[in-house]
Amino acid sequence: MQQSPPALPARRPDWLGAGIVGLALAGLALLGVNIILNMQATGVTPGYGFLAQTAGFDLSESLIPYSSGDSYARVIVAGLLNTVVLALASLLLATIIGVLMGLVSVTPSPAGRWVAILYVELFRNLPKILVLLVLYVITVRGLPPVRQALSWGPLHLSNRSLYLPAIEADPRQLWLLAPFLLSILAAWWWVRRARRIQRATGRETPVVLVAATLILAGQLGFAALAEVPLVVSVPTFVRFDFDGGARVSVQFLVVLVTLGLYHGAQIAEVVRGGILAVPTGQVEAARALGLAPWTVTRFVVLPQVLRIVIPPMINQYVNLIKNTSIAIAVGYSDLMSVSGTIINQTFRPLEMMLITMALYLGLCLGASSLMNRLNIGLRNRSARNVS
Amino acid sequence: MIPAAPPPPQRRDLLRQWAGTPLTALVSAVSAALAIWAIWIVLDWAVLSASPPQRPMHACAETAGACWRFYVEKSRFMLFGTYPYQDHWRPGLASMLLLALSGVVGLRITGRLDRITPRVLVALWIATIPAAFLLMGGGWAGLDRVDMSRWNGLPVLLILSVIAIALAFPLGVTLAVLRHQDRWPVLRRAAVVYIETMRGVPMVTVLFVGVFVLPLTLPPGTRISPVMATLVALILFHASYFAEDVRGGLQSLPEAQTEAAKALGLTWSQTMGLVLLPQALSRSLPALVNSVIGAYKDTSLVVVLGIHDLTSTARMAFSEPGWGQYALEAYAFVGIWFLLSCAFLSWIGRELHKGQSARSH
């Protein structure tokens, strides 16, 4: 007769672990007491009351209206927004450079491969802060002052800012949200319809073109019909400085280019690895079946490359978000340099570093969980399409 | 008999490589133009329109290219900063010691210098780290005391990279083991929280905590120099990255290893120390080398805290009034240093990959 297996020994509670962790926490508490004592010795009581005080320093740029009379809390929000903008822009630039160089590094052309390898090796073996400082010195010393700014049509570049045309902000532009949402809905319906037709008949209907036209035409048509003001403002030189349009500081541009080049090199390696990982037999088999070169790339190579490349790309993007903090070295008002200034002014390093680290942690965890969820969604969908 | 020589590569093949399709031809043309342009710029700057080192400094004012005399005048300042001039041999010797030891460890990892056992290496580390500090600090055997605020340049870079990495490694292995085991769940959870927090924040924030918050946590009246505070912060930060690399090695081991060790009657610590960790460490070496390269390069971020490592002394060298136009010369010095040292580290990484793929085939 078969016997049931002996019962597993009951899990003993982890007294040792609890003890060690408890000791460590007690040690941390002791350090915390020291902090309070040290702060009281200088006449400061720990707490977050200072966030409501007037900051009194200016920012190089800000997305929300900000003046030096605003509170510390508002400065922190402005810095966080600057970090997010910098991260998004560098992410885009790094992806473009990385994918391009990754593709060049697998072309048959020896010159192309050589240039790609040189680029990747150069930026993988130099510290990003050194790249940033070199670019900063070159731009600040090499570019002319505002008076003699370099101009390409409506674009002007001086050693302080890049001036470019922009659409003047107007509260009535909020009305454009309505046709925007409507056209997104319409585009979504069109995509579903195209997929249904393809599944039923195998016939392909244009998707990207129609969706883009729907969204663009919806906006512009509504703007023309409802007379929403869309005035393009062009920067013009008035006496001492440019007026009108939008301006981007040189600091932002330098950090953007540094992060784009630095992470571009890493992304190029990821892309290269992903492409080389697709067995040549797959491509040869597809060609033997008579598929056109473009079709081979689109339906055989690309899906496999994406599968391999996306997880390390997510990793790269999170690293990039963290690396935006090097902006403090050139004085772009991102979260880190704002909190550095606040620490110097108020001497509350503990409170400020807790806020800053929590914000960065939230940003990184949020971004990585969002991208991982997108990746899983993409994977499930492609699995469903295959079966 | 002499075998027939292989036929030379066909000209048509060469043409196909360079310009098989219009796109390939375009890539070739653009890349070649880019490469020639970059080579020309570097050559022109460094040689053709440069001012050679024997010409005096004021001759540089008229040249558009590099001023080689700058290196004659400023190399020692960039290497050792404001350390007392007559005692420059001390930071020099300390740097040599740290570099030599790192080189030996690197060669040992790639399978050379087999005669040096790991035990000897650990002993060398334990001897060298205090030796570097004693040599730099002085105050014994007739050496003058030199305050840490005057430690500058290369030795600071090496202390903050080599010593930080060496001390972060054991902490990282401990964290990896704690996160991998399931005997003490509370400890595992604590390790997870620590590692994920450290990996979720930028290094600059950890450095700020080290320099601004750490001194506050000491009992009133005690002081810690910024270099030491940064060193502590870097050790705590790098350890979390090393921990993830080693954990990757531990996870890649088959479960049978643990079971076999248990069946032989080994205790938990014997299983970990004699069976699992040695294999996990050798498997995680390539990832560790990558992390070490990253940690070494990122050390130069201490510039933002006003700590004078090599990048920072280079900046000081051209910040004095009248030297401002030699910024590129100063940064080129730092760049060449990093390119050379990282090339050595990458070479170790490639050797490891070669060794691993040779073993697995």
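The values are calculated or read from the model by the stated rules, or taken from the named source; none is laboratory data. Model, not experiment: these values are computed from the prediction. All Cβ positions, even for glycine, are placed from backbone atoms using ideal geometry, and neighbour counts span all protein chains on display.
Report yes if A:A111 is touching a Leu at 6+ places or on another chain (Cβ under 7 Å) and assigned to a helix (DSSP H, G or I), otherwise no. In short, no. For B:I116, the criteria (1) surrounded by fewer than 16 Cβ atoms within 10 Å (Cβ to Cβ); (2) at pLDDT 95 or above hold in every case but one, which is (2). The single condition among (1) farther than 30 Å from A:I308 by Cα; (2) surrounded by 15 or more Cβ atoms within 10 Å (Cβ to Cβ); (3) small (G, A, S) that A:S109 does not satisfy is (1).
Quick one: would you say B:W40 is surrounded by 11 or more Cβ atoms within 10 Å (Cβ to Cβ), over 28 Å from the mean Cα position of the chain (by Cα), modelled with pLDDT of 90 or more and part of a helix (DSSP H, G or I)? Considered against the rule, which asks whether it is surrounded by 11 or more Cβ atoms within 10 Å (Cβ to Cβ), over 28 Å from the mean Cα position of the chain (by Cα), modelled with pLDDT of 90 or more and part of a helix (DSSP H, G or I), B:W40 comes out as yes. Going residue by residue through the stretch B:215-226, is there one that turns out to be crowded, with 19+ Cβ neighbours inside 10 Å and away from every other protein chain (no Cβ under 12 Å)? Yes, that holds for at least one residue. In the stretch B:176-194, the residue that is surrounded by the fewest Cβ atoms within 10 Å (Cβ to Cβ) out of those that are in contact (Cβ under 8 Å) with a residue 12 or more places away in the chain and part of a loop (DSSP other than H, G, I, E, B) is B:R183. Filtered by the rule that a residue be facing chain B (nearest Cβ under 10 Å) and touching a Leu at 6+ places or on another chain (Cβ under 8 Å), the stretch A:123-168 gives A:N125, A:L126, A:P127, A:K128, A:I129, A:V131, A:V134, A:V137, A:I138.
For every residue, the table says whether it meets (1) in contact with a helix residue (DSSP H, G or I) (Cβ under 8 Å, 6 or more places away or on another chain); (2) of a type outside the set (A, V, I, L, M, F, W, C).
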position: A:A178; (1), (2): yes, no
position: A:I184; (1), (2): yes, no
position: A:A187; (1), (2): yes, no
position: A:R193; (1), (2): no, yes
position: A:G221; (1), (2): yes, yes
position: A:F240; (1), (2): yes, no
position: A:G245; (1), (2): no, yes
position: A:F252; (1), (2): yes, no
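Among the residues of the stretch A:264-273, is any without any contact (Cβ under 8 Å) to a residue 40 or more places away in the chain, in a helix (DSSP H, G or I) and buried (at least 20 other Cβ atoms within 10 Å of the Cβ)? No, because not a single residue in the stretch A:264-273 is without any contact (Cβ under 8 Å) to a residue 40 or more places away in the chain, in a helix (DSSP H, G or I) and buried (at least 20 other Cβ atoms within 10 Å of the Cβ).
Residues checked against (1) aliphatic (A, V, I, L, M); (2) within 30 Å of A:I267 (Cα to Cα); (3) surrounded by 15 or more Cβ atoms within 10 Å (Cβ to Cβ); (4) touching a strand residue (DSSP E or B) at 6+ places or on another chain (Cβ under 9 Å):
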site: A:L103; (1), (2), (3), (4): yes, yes, yes, no
site: A:I117; (1), (2), (3), (4): yes, yes, yes, no
site: A:S151; (1), (2), (3), (4): no, no, no, yes
site: A:S161; (1), (2), (3), (4): no, yes, yes, yes
site: A:E168; (1), (2), (3), (4): no, no, no, yes
site: A:P179; (1), (2), (3), (4): no, no, yes, no
site: A:I184; (1), (2), (3), (4): yes, no, no, no
site: A:R192; (1), (2), (3), (4): no, no, no, no
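Taken over the stretch B:48-106, the criterion of being closer than 25 Å to B:A164 by Cα, among the β-branched types (V, I, T) and over 19 Å from the mean Cα position of the chain (by Cα) is satisfied by B:T82 alone.
None of B:G306, B:G335, B:G324, B:G294 is modelled with pLDDT under 90, within 14 Å of chain A (Cβ to nearest Cβ) and closer than 23 Å to A:S325 by Cβ except B:G306.
Condition (residue is in contact with a Gly (Cβ under 8 Å, 6 or more places away or on another chain) and over 28 Å from A:L103 (Cα atoms)) applied to the stretch B:58-67: is it met by at least one residue?
no
Which members of the stretch A:38-53 meet the condition of being touching a residue at least 40 places away in the same chain (Cβ under 8 Å), within 28 Å of A:A327 (Cα to Cα) and either surrounded by 14 or more Cβ atoms within 10 Å (Cβ to Cβ) or within 14 Å of chain B (Cβ to nearest Cβ) (or both)? The answer is A:F50, and nothing else.
Checking the stretch B:80-91 against the condition returns a match, with at least one residue being surrounded by 15 or more Cβ atoms within 10 Å (Cβ to Cβ) and either touching a Gly at 6+ places or on another chain (Cβ under 6 Å) or over 28 Å from B:A317 (Cα atoms) (or both).
Take the residues of the stretch B:252-261 that are touching a helix residue (DSSP H, G or I) at 6+ places or on another chain (Cβ under 7 Å) and surrounded by 13 or more Cβ atoms within 10 Å (Cβ to Cβ): which is nearest to B:V173 (Cα to Cα)?
For the stretch B:252-261, the residue satisfying everything is B:L253.
Within the bounds of the stretch B:235-250, is there any residue that is over 29 Å from B:V162 (Cα atoms) and part of a helix (DSSP H, G or I)? Checking the stretch B:235-250: not a single residue is over 29 Å from B:V162 (Cα atoms) and part of a helix (DSSP H, G or I). Pairing each residue of the stretch A:229-252 that is of a type in the set (K, R) with any residue that is surrounded by 15 or more Cβ atoms within 10 Å (Cβ to Cβ), provided the two are 6+ apart or on different chains, yields C-beta distances under 6 Å for A:R247/A:S161; A:R247/A:Y163. Among the residues of the stretch A:318-336, the ones that are more than 9 Å from chain B (Cβ to nearest Cβ), crowded, with 20+ Cβ neighbours inside 10 Å and part of a helix (DSSP H, G or I) come to 3 in all. Looking at the structure I just gave you, is B:A123 exposed (fewer than 15 other Cβ atoms within 10 Å of the Cβ) and either assigned to a helix (DSSP H, G or I) or in contact with a Ser or Thr (Cβ under 6 Å, 6 or more places away or on another chain) (or both)? Criteria met by B:A123. Scanning the stretch A:183-211 for residues that are touching a residue at least 24 places away in the same chain (Cβ under 8 Å) and farther than 18 Å from A:R381 by Cα turns up A:S183, A:I184, A:A186, A:A187, A:A211. Residues that are within 18 Å of B:S161 (Cβ to Cβ) and polar (S, T, N, Q) within the stretch B:298-341 comprise B:T299, B:S300, B:T311, B:S312, B:T313, B:S341, listed in sequence order.
Scanning the stretch B:316-328 for residues that are assigned to a helix (DSSP H, G or I) and either among the aliphatic types (A, V, I, L, M) or surrounded by fewer than 19 Cβ atoms within 10 Å (Cβ to Cβ) (or both) returns B:M316, B:A317, B:S319, B:G324, B:Q325, B:A327, B:L328. Of all residue pairs spaced 6 or more apart or on separate chains, those with beta-carbon atoms under 8 Å, a first member in the stretch B:26-42 that is at the interface with another protein chain (Cβ under 7 Å from one of its Cβ atoms) and a second member that is among the hydroxyl-bearing types (S, T, Y) are B:V27/A:T107; B:V27/A:S109; B:S28/A:S109; B:S31/A:S109. Is it the case that the stretch B:195-212 has a residue that's charged (D, E, K, R), part of a loop (DSSP other than H, G, I, E, B) and surrounded by fewer than 20 Cβ atoms within 10 Å (Cβ to Cβ)? Scanning the stretch B:195-212, I find no residue that is charged (D, E, K, R), part of a loop (DSSP other than H, G, I, E, B) and surrounded by fewer than 20 Cβ atoms within 10 Å (Cβ to Cβ), so the answer is no. The single condition among (1) within 18 Å of the chain's Cα centre (by Cα); (2) surrounded by fewer than 19 Cβ atoms within 10 Å (Cβ to Cβ); (3) farther than 15 Å from B:V162 by Cβ that B:F344 does not meet is (3). The condition (being at positive phi, surrounded by fewer than 20 Cβ atoms within 10 Å (Cβ to Cβ), more than 10 Å from chain B (Cβ to nearest Cβ) and in a loop (DSSP other than H, G, I, E, B)) is satisfied by just one residue among A:G69, A:G56: A:G56.
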